[in-house]
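Below: one structure, written as structure tokens.
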Amino acid sequence: GPRLRGYAVSSYQAGPGDELRVNLTWQGEPGASSQSRLHSFIHIRKSQPGGPNNPLTGNEIWAQDEHYAPGGILTSDYLSGQLYRDEFRVRLPEEMPPGEYFLEVGWFDPETGEQLDPLADAVHSPLGILWRSILLPPVTVE
């Protein structure tokens with residue numbers, strides 16, 4: 001899939017009910033996925049083992065968004081080296097407890113739900129990898 005080349009987060013400290021704005025910059029890669037209908041995603045997930053799950057879903061993800069490839073361009077049509085901007089606006093739930101939360105981003109096939117593996121050689125500190133997602137610096141909910 002595309003390579004993450006940059007990111008901007010509106011704030012790394014937020015309160016329940018706040019909107020978090022995350023802008024990502026992806027770069028087309030030679031020989032990248034031939035799948036044309038990939039979706040990008042952002043998850044705001046609990047970071048502490050044993051921390052509370054989202055009571056509405058019963059899982060670790062407290063907020064999320066996903067959408068069709070940035071700019072409406074099929075990922076199979078991404079040009080090698082070209083940069084593509086991807087904008088997310090995610091509202092944190094009012095019932096979200098205080099704590100530190102992972103900000104994870106990546107790509108998935110909406111037909112199968114299968115996430116793409118991030119390009120490990122493109123992920124450098126302060127970023128990380130969690131399973132098949134790229135971790136941005138965490139967000140603290142106060």
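Scanning the stretch 36-57 finds one or more residues that are closer than 14 Å to Gly1 by Cα and out of contact with any strand residue (DSSP E or B) (no Cβ under 9 Å at 6 or more places or on another chain).
Within the stretch 106-139, the only residue that satisfies the criterion of being open to solvent by 40 Å² or more (accessible area, probe 1.4 Å), in a helix (DSSP H, G or I) and among the small types (Gly, Ala, Ser) is Ala120. Residue pairs whose Cβ atoms lie under 6 Å apart, sitting 6 or more positions apart in sequence or on different chains, and linking a residue in the stretch 115-142 that is free of Cβ contacts under 8 Å to residues at least 40 places away in the same chain to a partner that is open to solvent by 40 Å² or more (accessible area, probe 1.4 Å) and in a strand (DSSP E or B), are Leu135/Phe102.
The values are calculated or read from the model by the stated rules, or taken from the named source; none is laboratory data. Owing to the predicted nature of the structure, the values given are computational and were not obtained by experimental measurement. When we count neighbours, we look across all protein chains shown, and the Cβ atoms used for this are built from the backbone with ideal geometry, even at glycine. SASA here: full protein model, heavy atoms, side chains in, ligands and nucleic acids out. Shrake-Rupley method; radii C 1.70, N 1.55, O 1.52, S 1.80 Å.
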